[in-house]
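Only one structure is covered here, and it is reproduced in the block below.
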Amino acid sequence: MPENYLMIMIQSLKKKIEVLDCIIDADERQKIGLEDPSLDPDDFDKIVEEKAKYIEHLDLLDQGFDKLFERVKDQLNDNRELYKDDIKEMQKLITTVTEKSNKIQVQEARNKELMTQKFAKVHKQARDVRASQQAVNQYYQNMKKINYIDPQFMDNKK
């Protein structure tokens, strides 16, 4: 019976690696998008939504793995020698999962910095547009006054 659970756990770890690879790919596409000056916000949103689905899938895999591990934990500890090959394979897969998770953390930190820079640039552009709009408005206000002559009073007394 634990053999079946172990195989399911191994399959779960392999699936988790596949999902982590998808997240790594999405992070790369997100980086490319953030470096692109003509980034379409809708395209960026699609990548973020895609990553959210992958993360949700990872959570489900983790929950399933944890439940299975709780069921067989005692049997694995009591019969380590009997399941040593499966345990070694799971350890290798967990190492790979950890490495990919670390890579994702580095990518996420990099993308966060790129996003901060992108938003700062957009904010500056918006400020510049507002400032130039104010200058244009001020120019038109001044131009209206050029042909306008203030009322003048004449003193008719001599």
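Please treat every number below as a calculation from the coordinates, not as lab data. Owing to the predicted nature of the structure, the values given are computational and were not obtained by experimental measurement. Positions of Cβ are backbone-derived with ideal geometry, glycine not excepted, and every protein chain shown enters the neighbour counts.
Overview of values
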quantity: Highest-MSF residue in the chain out of Asp85, Asp21, Asp62 [GNM, Cα springs under 10 Å]; calculated: Asp85
quantity: Trypsin sites (Lys or Arg not before Pro) within region 57-91, DSSP loop, no more than 13 other Cβ atoms inside 10 Å; calculated: Arg80
quantity: Residue with peak Gaussian network fluctuation, the chain [Cα springs, cutoff 10 Å], from Gln30, Gln91, Gln141; calculated: Gln141
quantity: Part-to-part distance (alpha-carbon centres) for region 99-143 and region 55-91, which is given in Å; calculated: 46
quantity: Normalised alpha carbon radius of gyration of the chain [divisor 2.2 N^0.38 Å]; calculated: 2.10
quantity: Contact order relative to length of region 2-112, as percent, for alpha carbon pairs under 8 angstrom and 6 or more apart; calculated: 55
quantity: Amide hydrogen neighbours beyond the local backbone of Leu39, cut-off 5 Å, H modeled; calculated: none
quantity: Linear extension gain, Gln91 paired with Asn142, 0.36 nm per residue minus alpha-carbon span; calculated: 10.8 nm
quantity: Backbone N within region 18-58 under 11 Å of label point (7 Å from Leu114 Cα along the Cβ vector); calculated: 26-37
quantity: J(HN,Hα) series, region 128-133, from Karplus relation 6.51 cos²θ - 1.76 cosθ + 1.60, nearest Hz, glycine and proline x; calculated: 4, 5, 4, 5, 5, 5
